[in-house]
Amino acid sequence: MRLSEIGNKEIVDLSTGSSHGQLWDAEMVFDKKSGKIKSVLVPSFQSTGLLKKSFNDLYELPWSSIVIIGEDMIIFQSSNGA
């Protein structure tokens, strides 16, 4: 699968149901030796009211925590409820 094929997918935490934007909003962290993706830095949003979200910080999502890359979403399982 190519990055261009998954960039528009929404990143969702299975534990909390919270959205972390799209993969295009994220930054990837690579292992320098192997070139493999180590983690993804995704926006961490906080709700500021009815359907409004504000950017809070970046959350490091280990690549190994991704449960499934589906048709419309990338679903991951956080260990601490991000």
Under the rule of at least 5 residues apart or a separate chain, name every residue whose amide H is placed under 5 Å from the amide H of Ser15. Ser78
Quick query: amide H of Lys38 versus all other amide H atoms, modeled in the peptide plane; which residues come in under 5 Å with a sequence gap of 5 or more or a different chain? Val29, Phe30, Asp31
What nm value, rounded to one decimal, do you get for the distance between Ser15 and Lys33 when each label is placed 7 Å out toward the C-beta? 2.8 nm
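Every number in this text was worked out from the coordinates using simple rules, so none of it is lab data. All of these numbers come straight from a predicted model, not from anything done at the bench. Neighbour counts are summed over all protein chains in view; Cβ atoms, including those assigned to glycine, are modelled from backbone coordinates with ideal geometry.
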